[in-house]
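Trainee: One structure is given below, represented as structure tokens, and several questions about it will come after.
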Amino acid sequence: MRLLSIEKGAQAKVIGFEGGKGLQAKLIQYGLYPGDTFRVIRIAPFRGPLLIEVNGREIALGRGIAEKIIVEVIPCASR
């Protein structure tokens, strides 16, 4: 599943990146690594960026980059 297809408030785990070394280097520079878990905080309207929280930091990602991040959704615990 791609990060771009996740809903606001969902938690997920980064599985990997589909892109070249430049994209991987950029995401690592942002502090986003395979294996990290994160939460989608905001999805901006009109093709705006996604805001995620990972390791206590908020990161804004454009939709083009979000489309290249492969994730696995973490199911919410039953109440």
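Just so you know, all these numbers are worked out from the coordinates, no wet-lab data involved. As the structure is a computational prediction, the values presented were derived from the model and not from experiment. Note that we place each Cβ from the backbone using ideal geometry, even for glycine, and neighbour counts take in every protein chain shown.
Trainee: Helix-only mean residue ellipticity at 222 nm, the chain, DSSP H runs n ≥ 4 weighted -39,500 (n - 2.57), per residue, nearest 500. What is it?
Mentor: After summing the helix terms and dividing by the residues of the chain, the value is -4500 deg cm²/dmol.
Trainee: Here's a follow-up. Pull out the extension gain between Leu23 and Gln11, defined as 0.36 nm times the separation in residues minus the alpha carbon to alpha carbon distance; nm, one decimal.
Mentor: So the chain would gain 2.1 nm between Leu23 and Gln11.
Trainee: Between Tyr30, Gly56, Ile6, whose Cα lies farthest towards the positive end of the dipole of region 3-74 when Lys and Arg beta carbons carry +1 and Asp and Glu beta carbons carry -1, centred on the Cα centre?
Mentor: Tyr30
Trainee: Please arrange Ile43, Ile28 by counting, for each residue, the other beta carbons lying within 10 Å of its beta carbon, fewest first.
Mentor: Going from sparsest to densest Cβ surroundings: Ile28, Ile43.
Trainee: Tell me the angle of helix 21-30 to the major Cα principal axis of the chain, expressed in degrees between 0 and 90 and rounded to the nearest ten.
Mentor: Between helix and principal axis, roughly 50 degrees.
Trainee: What distance in nm separates the two pseudo spin-label positions at Ile74 and Tyr30, each 7 Å out from Cα along the beta-carbon direction?
Mentor: The answer from the label model is 1.8 nm.
Trainee: How high is the relative contact order of region 3-74, in percent, with contacts defined as C-alpha pairs under 8 Å that are six or more residues apart?
Mentor: Relative contact order, region 3-74: 42 percent.
Trainee: At 7 Å along the Cα-to-beta-carbon direction for both Glu58 and Arg2, put a label point, then send me their distance in nm to one decimal.
Mentor: Here the answer is 2.5 nm between the modelled labels.
Trainee: Using θ = phi - 60° and the Karplus relation 6.51 cos²θ - 1.76 cosθ + 1.60, list the HN-Hα couplings for region 52-61 in order, rounded to whole Hz, with x at every Gly or Pro.
Mentor: Values, residue by residue: 10, 10, 9, 6, x, 10, 9, 10, 9, 10 Hz.
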